[in-house]
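Peer 1: The following block contains the structure, expressed as structure tokens.
Where a number appears in this text, it was derived from the coordinates with a stated rule and is not lab data. Since the model is a prediction, treat every value here as computed from it, not as a measurement. Cβ coordinates were reconstructed from backbone atoms using ideal geometry, including for glycine residues, and neighbour counts include every protein chain displayed.
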Amino acid sequence: MAGGLFKRKSIDRIAKEADDEQRGLKRVLGPLDLVSLGIGIIIGAGIFVVTGQAAAQYAGPAISLSFVLSGIGCVFAGLCYAEMASMIPVSGSAYTYSYATMGQFVAWIIGWDLILEYLFASATVSVGWSGYMVSFLRDFGVIIPEIVAKAPLSFDHIHGWGFTGAVLNIPAMFIVLAAAAVLVLGIRESATANSLIVILKLVVLIVFIGVGFLYINRENWEPFIPPNEGMFGHFGWSGILRGAGVIFFAYIGFDAVSTAAQETKNPQRNVPIGILGSLFVATLLYIAVALVLTGVVKYDMLNVPDPIAVAVDFMGEELYWLRPLIKIGAIAGLTSVVMVLLFGQTRIFYSMSRDKMLPERFAEVHTKFRTPVFATILTGIVAAFFAGIFPIGILGELVSIGTLLAFVIVCTGVLVLRYREPGLKRPFKAPLFPFVPIMGILVSLVQMAALPMDTWLRLIIWMAAGFVIYFLYARKHAVV
């Protein structure tokens, strides 16, 4: 039985299947498309919301150092993703890599985990999109009643579950379904729409950085590292570390670039460029925004849902025009994140179905659009359901633990494959082996350990359901 559980799929077999033109996806994406795809998902809720809250509660102006530390941690994992993607340039991301390195059962675990990551992440970000859109419309006198713009369920770690009195978060559901509709039309149309959105939000952020630099009050940076308040994580150096863990959510999603490998021209070269390029650009922007934000506003005043808008208010009435522009950038940014997350989810379904781990309908490609239509529509409907009824906090925690588990498995896969098959062609190799994959594993495990216990419980329940499906269906039908 154990031999069946850990049967591996050869890299040659994976590559041959990827070249099957009858059911293959269109290779149309270049390096700039992939960098744009990565930026589109990384720069979203983190830069528009989490930055100010982490500065106010944990790190003060030194939140910029937290971004450096968290970014370094992501680079370890990103280098491992880039090596795997260059060797196995197909859809499926960590799922496919695990099948080739650690076998069928581990591949199912990571595939089921990735469903958790992408499905709940798209729902999470859509809830944030709803908040910004409702606020933006309110500025123009258009009021959307809370009863149809808020989740009916609430949750906190002290009181547990409750009811808000709302019916559904309809704006959140709308953006998920709209993004799914765009994805159905085709990857080129999706990539073009995403690139336009990425340009818009980059312009908005660059304008904020450029204008905000003129309004920086250096006294707001003093002390740059506020003294610790007697508890671990409350300012001081430990606060920088805690801040790095909290703002890790801001980097989630760069791995989605690897799910586009089978639709990429020259993936051995372009996928590593997409992963590392998007991480580099996002980290620079995060650091710049954090410095301007804490320079314009005293850090203890930034524990708000819209810290960048608050900073614009502090710049003076003459810059009031910038506030709606910032909200437009946030709305555009979150829109592109929802789209890329749904894109990643459908490609995971496509790969698992191609291996018969899931029913074959998930791998059906539309004859005209050349996209997995059934998987895209189903993903959109399910994600919209979660977005409509669950609060953002509960969704976000599940995303974090699912992503970190994926990082651990990919970094482990690089270690295993380097020792098991050292002679394999690796167009891109993670440097400083074995330091890079080991650090990727350790950094991810430490951040997982810091998450609340009830988040671990939900992960265990989700994985238990996955084991049932694996032994009742996937293992009986899977092909190697």
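Peer 1: Name the residue, out of 85, 54, 77, that is under 14 Å from the mean Cα position of the chain (by Cα), part of a helix (DSSP H, G or I) and not polar (S, T, N, Q).
Peer 2: 77
Peer 1: For residue 402, indicate whether it is in contact (Cβ under 8 Å) with a residue 12 or more places away in the chain and under 17 Å from the mean Cα position of the chain (by Cα).
Peer 2: yes
Peer 1: Go through the stretch 123-153 and count every residue that is crowded, with 22+ Cβ neighbours inside 10 Å, among the small types (Gly, Ala, Ser) and in contact with a Ser or Thr (Cβ under 8 Å, 6 or more places away or on another chain).
Peer 2: 1
Peer 1: Do you know which of the residues in the stretch 275-299 that are surrounded by fewer than 19 Cβ atoms within 10 Å (Cβ to Cβ) and of a type outside the set (A, V, I, L, M) is farthest from residue 39 (Cα to Cα)?
Peer 2: Restricting to residues being surrounded by fewer than 19 Cβ atoms within 10 Å (Cβ to Cβ) and of a type outside the set (A, V, I, L, M), the top hit is 298.
Peer 1: Return a yes/no flag: does the stretch 351-366 have any residue that is hydroxyl-bearing (Ser, Thr, Tyr), over 30 Å from residue 233 (Cα atoms) and out of contact with any helix residue (DSSP H, G or I) (no Cβ under 7 Å at 6 or more places or on another chain). First the steps, then the outcome.
Peer 2: Going residue by residue through the stretch 351-366, those that are hydroxyl-bearing (Ser, Thr, Tyr) are 351, 353.
Pick out the ones that are also over 30 Å from residue 233 (Cα atoms) and you get 351, 353.
Checking the rest, the ones that are also out of contact with any helix residue (DSSP H, G or I) (no Cβ under 7 Å at 6 or more places or on another chain) come to none.
Taking every residue of the stretch 351-366 in turn, none turns out to be hydroxyl-bearing (Ser, Thr, Tyr), over 30 Å from residue 233 (Cα atoms) and out of contact with any helix residue (DSSP H, G or I) (no Cβ under 7 Å at 6 or more places or on another chain).
Peer 1: How many of the residues making up the stretch 340-365 are surrounded by fewer than 20 Cβ atoms within 10 Å (Cβ to Cβ) and of a type in the set (Asp, Glu)?
Peer 2: Residues in the stretch 340-365 being surrounded by fewer than 20 Cβ atoms within 10 Å (Cβ to Cβ) and of a type in the set (Asp, Glu): 2 in total.
Peer 1: Hey, could you check the stretch 300-320 for residues that are of a type in the set (Asp, Glu) and surrounded by 14 or more Cβ atoms within 10 Å (Cβ to Cβ) and say which is farthest from the chain's Cα centre (by Cα)?
Peer 2: 313
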